[in-house]
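Notes follow once the structure below has been shown.
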Amino acid sequence: MTTPLTHQELTDDELLRYARQVLLDGWDIDAQLRLKSSRVVMIGAGGLGCPASEILVRAGLGQVHLIDDDVIEASNLQRQTLFLPEDIGQPKATTAANKLKQINPLSTAQATVARLSEDNAYELLNMAAGKPDLLLDCTDNFATRDIINRISVRFQIPLLTASAIAMQGQLALFEPHLQTGCYHCVFGSVVLDEAADERTCANSGVLASTTGVMGNLQANAALQYLGLTKNPLTGKLLLWDGSQMQQRLMGYRQDKNCPICAV
Ligand SMILES: [Zn+2]
């Protein structure tokens, strides 16, 4: 991962706040330090981004950077857990970052109100300061997912992508440097299919619990990846079905003809 741990330690405040976590079997001070030294860029501060960022910041993530160009609407309050009625009309990214700072002042939360594109990615991801440790795709449409996937492959940044529609969700963690496949390898041309792109929360609906579950599963995978340097979803797509209370894993491999990630 990023920073060597030898020159760091947890402060008394951090030891107190994260006491229940460092007690865990399989999660120790080193895992907590790795999480503290990690920088995560999240694209989308809505239904998935709210729960995922809140859990990561509560757990002790060092730096989170939220990128979103949207403003809060009344219809967001049903599932976007960081927002209150008085936040309507405010930008999601800055409002969420302010809430995260209140929730855990020991973590750094940054916001950019903008739409991520391939053209502005280097600047928005602050690549001059070094690569983020992880990208979190918390968006709600296939076109943006495709752009984020291209950015992940181009800059070789791991991508943890989640989706939530109706009562179903999906989760995958791609590691471009390992050549094990990307979003396009799994979903192929569906990402460029206009009909598929129409399946968003805005027009298909989403149960409040679906984004909550998927955002929390996303945080669960991110914590393991950042703290334990372990990808719990290597080569596997997680499929969650809320109506049946079922979860299953589906294997995938890199498409050797993938136009995005195959060399
Ligand atoms: Zn690919």
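Consider Lys131 carefully, then state whether it is among the basic types (Lys, Arg) and assigned to a loop (DSSP other than H, G, I, E, B). Spell out the reasoning first.
Details: among the basic types (Lys, Arg): yes; assigned to a loop (DSSP other than H, G, I, E, B): yes.
Yes; evaluated as a whole, the condition is true for this residue.
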Check your understanding: Taking Gln170 and the conditions (1) in contact (Cβ under 8 Å) with a residue 60 or more places away in the chain; (2) in contact with a strand residue (DSSP E or B) (Cβ under 9 Å, 6 or more places away or on another chain); (3) crowded, with 19+ Cβ neighbours inside 10 Å, which numbered condition does it fall short on, given that it satisfies the others?
Key -> (3)
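Taking the conditions exactly as written (more than 16 Å from the ligand (Cβ to nearest atom), buried (at least 18 other Cβ atoms within 10 Å of the Cβ) and part of a helix (DSSP H, G or I)), does Leu226 satisfy them or not?
Here the answer is yes, as Leu226 does meet what is asked.
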**Study point:** Considering residues of the range 238-263 that are open to solvent by less than 90 Å² (accessible area, probe 1.4 Å) and farther than 28 Å from Gln156 by Cα only, the residue farthest from the ligand (Cβ to nearest atom)
**Key:** Ser243
Exercise for review: Filter the range 148-192 for residues that are within 14 Å of the ligand (Cβ to nearest atom), among the small types (Gly, Ala, Ser) and part of a strand (DSSP E or B) and give the result.
Suggested key: Ala172
Practice item. Could you tell me whether any residue of the range 74-83 is more than 17 Å from Thr211 (Cβ to Cβ), modelled with pLDDT of 95 or more, part of a helix (DSSP H, G or I) and open to solvent by less than 40 Å² (accessible area, probe 1.4 Å)? Key: no
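From the list Asn104, Asn141, Asn76, which one is under 27 Å from His184 (Cα atoms) and not aliphatic (A, V, I, L, M)? Break it down into steps so the answer makes sense when it comes.
On the way: Asn104 fails: under 27 Å from His184 (Cα atoms); Asn76 fails: under 27 Å from His184 (Cα atoms).
After applying the criteria, what remains is Asn141.
The values are calculated or read from the model by the stated rules, or taken from the named source; none is laboratory data. Everything quoted here is computed from the prediction, not taken from an experiment. Don't worry about glycine lacking a Cβ; one is built from the backbone with ideal geometry, like all the others, and counts go over all protein chains shown. Please note that ligands, DNA and RNA were not included when accessible areas were found on the heavy atoms of the full protein model with its side chains. Shrake-Rupley method; radii C 1.70, N 1.55, O 1.52, S 1.80 Å.
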